[in-house]
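Q: Could you have a look at this structure, given as structure tokens, before my questions?
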Amino acid sequence: MPALGGLLLLSALLSTERVYTAVPERRWLKDNNVGISYVCPYRGSISMVVSQYNNKTEERVWDFACKSTFQSHVSCSWTDYVNRFDEGIHFSCPSEALICGVENLRDAIQKDRKWKFYCCEAGHVHFRGCAWSPYINQRNEYFSWEVPADHYLAGIVRHHGNQSRERRWQFRYCAMFSTDILAP
């Protein structure tokens, strides 16, 4: 009987394992004052961004969720850092590519981060209906933003106020469709 109980427990644990997280788990990625790195599982793209400002450390903590995105082989690469410390961000992946990962480096003295992005693309795919979200937060405010249904994350803007240390975020999202046309 104990062996059966162990198998049932193992089965329950395996069945709850998720490859794609539909919602962030508030696991707040820890950076030990160096930076964070997060990449979606293969063929997935970031579907949600959650951030909480920590008044004690004067830094944001981050979490992300992913969704299954691509149906075929993908080609991915990291960008260089897209901003310097104490500078805003206005970034979109190259045409027909989506944001599938993020990495940043933190400067404890300037209390800021410079960011790079992991962009992935698949053949025979094009975007349409791209739009920018409004700014989704005020200074030091918690936020949780989810990519609208049937859309995918393609770009990020971070407004950076040097005097106020304000950082506000916007996201670019697009619908994606296949260019493969079936012959009649």
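Q: Using 0.36 nm times the number of residues separating R84 and Y142, minus their current alpha carbon distance, what extension gain do you get?
A: On the way: separation 58, 0.36 × 58 = 20.88 nm, distance 2.35 nm.
Gain in length upon complete extension: 18.5 nm.
Q: Now, a different point. Calculate the spin-label point distance for S77 paired with I109, positioning each point 7 Å from the Cα along the beta-carbon direction, and give it in nanometres.
A: 3.3 nm
Q: Hey, with R₀ at 30 Å, roughly what FRET efficiency would Q52 and D150 work out to, going by the Cβ-Cβ distance, to 0.05?
A: Efficiency, rounded to the nearest 0.05: 0.60.
Q: On full extension of the chain, what length is gained from S95 through V34, given 0.36 nm per residue of separation minus the C-alpha to C-alpha distance?
A: Working: separation 61, 0.36 × 61 = 21.96 nm, distance 3.07 nm.
The S95-V34 span can extend by a further 18.9 nm.
Bear in mind these aren't lab numbers, they're just calculated from the coordinates by the rules spelled out. All figures in this text were calculated on a predicted structure; none of them were measured in a lab. Positions of Cβ are backbone-derived with ideal geometry, glycine not excepted, and every protein chain shown enters the neighbour counts.
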